[in-house]
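Each remark here refers to the structure printed beneath this line.
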Amino acid sequence: MKILFIGDLVARAGREILHEHLDSIRESMGIDLVIVNCENAAAGFGVTPKIADELLSWGVDVLTSGNHIWDRKEVLPYLDTEPRLLRPANYPAINPGRGSIVIQARTGDSVAVLNVQGRVFMPSIDDPFRAVDEELERLPEDVRVIVVDMHAEATAEKVAIGWYLDGRVLPEGTAYQTDVGMTGPFRSVIGVEAKGAIERFLKQVPVRFEPASEDARLNGAVIDVDPKTGKARSIERVCRQ
């Protein structure tokens with residue numbers, strides 16, 4: 001089984017390059033399941049129900065997110081009605097939405113997708129390590145293939161949860177990648193116009209960020225998994241311009 005994970009989809013530029021290349025990647029690489037992190041898909045901040053529906057209509061199977069999932073208030077009721085759009089599981093349960101889903105891949109095998117958020121340099125929410133454990137405990141026993149998307153700032157925190165779940169393609173068979181990269185405008189500062197970002201660093205005052213649009217690139221990873229054992233055989237980078 002081959003799973004395609006597309007990194008942080010940013011603004012219109014990211015959506016357009018995803019739409020341009022998704023079918024060809026799926027066909028050429030024999031992809032059985034597509035996961036996209038969409039938390040910045042709407043003008044670089046959050047996602048709307050309309051955009052989420054559009055991404056799902058293109059053949060994306062699961063949408064993950066992070067702290068910016070709360071930026072667009074119109075998506076809050078949508079989180080309770082569309083189980084394929086996840087929010088980090090370690091936000092308090094009183095919030096709308098869910099942090100995991102079990103979905104069927106094109107091979108017919110069940111795949112669990114879990115979404116959590118780090119706490120270093122980010123909001124102090126519930127423990128992502130314990131949240132993953134709780135989500136895993138709730139999974140049906142016959143689900144062997146599990147994908148965890150941890151949205152975080154600190155490399156150390158991401159590496160730690162990778163080892164906690166068993167790190168890269170190591171003896172226990174977990175494929176790990178610290179950062180699969182952004183899918184969006186490369187000539188930018190993480191998706192926004194460089195001018196505004198530089199001005200904020202220089203002046204240390206609020207500056208309105210505008211989404212960039214030039215030099216769009218798609219970044220992601222393809223994981224080859226044995227559906228019988230759930231162990232990863234390999235993980236490789238995917239990049240399109």
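The values are calculated or read from the model by the stated rules, or taken from the named source; none is laboratory data. As the structure is a computational prediction, the values presented were derived from the model and not from experiment. We place every Cβ from the backbone using ideal geometry, glycine too, and count neighbours over all the protein chains shown. Ligands, DNA and RNA are excluded from the accessible area calculation, which covers all protein heavy atoms including side chains. Shrake-Rupley method; radii C 1.70, N 1.55, O 1.52, S 1.80 Å.
Tally up the carbon and sulfur contribution to the accessible surface of the chain as a whole percent, 1.4 Å probe, everything protein left in place. Ligands and nucleic acids excluded, carbon and sulfur reach 50 percent. Computed over the chain, the per-residue total of -39500 (n - 2.57) for DSSP H runs of n ≥ 4 gives a 222 nm mean residue ellipticity of -8500 deg cm²/dmol, rounded to 500. Taken along its three principal axes, the alpha carbon spread of segment 196-241 comes to 54, 23, 13 Å, from the longest extent down to the shortest. Remark: the chain carries 49 Å² of accessible area per residue (probe radius 1.4 Å; ligands, DNA and RNA excluded). Of the residues T178, V189, F201, the one whose Cα sits farthest toward the positive end of the charge dipole of segment 128-214, with +1 on the Cβ of Lys and Arg and -1 on the Cβ of Asp and Glu, is F201. When the P(r) of the chain is calculated, the portion above 23 Å amounts to 48% of the C-alpha pairs. Packing-based ranking of 127-133, 202-208 yields 127-133, 202-208, ordered from highest to lowest mean Cβ neighbour count within 10 Å.
Got a sec? Charge dipole of the chain, +1 on Cβ for Lys and Arg, -1 for Asp and Glu; which of A131, I161, A42 is way out at the positive end? So the residue furthest toward the plus end is A42. Of all DSSP beta bridges confined to the chain, the antiparallel ones make up roughly 55%. Computed from point charges on the beta carbon alone (+1 for Lys and Arg, -1 for Asp and Glu), the dipole magnitude for segment 95-182 about its Cα centre is near 240 Debye. Here the chain is scanned for GluC sites (Glu not before Pro) in DSSP loops (not H, G, I, E, B) that have at most 15 other Cβ atoms within 10 Å, and the longest stretch holding none of them is 1-140. Across the chain, the relative contact order, built from alpha-carbon pairs under 8 Å that are at least six residues apart, equals 22 percent. If the cut-off is 29 Å between C-alpha atoms, which lysines fall inside it for K2, apart from same-chain ones fewer than 8 positions away? Partners within reach: K50, K158, K228, K231. Taking springs between alpha-carbon atoms closer than 10 angstrom, which of P49, P77, P88 fluctuates most in the Gaussian network model of the chain? Top of the fluctuation ranking is P77. Of the two radii for segment 1-138, the radius of gyration is 0.96 times the Kirkwood radius, both from the alpha carbons; that is the Rg over Rh value.
Distance distribution P(r), segment 156-241, all Cα-Cα pairs, bin width 5 angstrom from 0: 3, 14, 15, 14, 13, 13, 11, 9, 5, 3, 0, 0 percent.
Ordered by solvent-accessible area of protein heavy atoms (1.4 Å probe), largest first, the residues S110, S28 come out as S28, S110.
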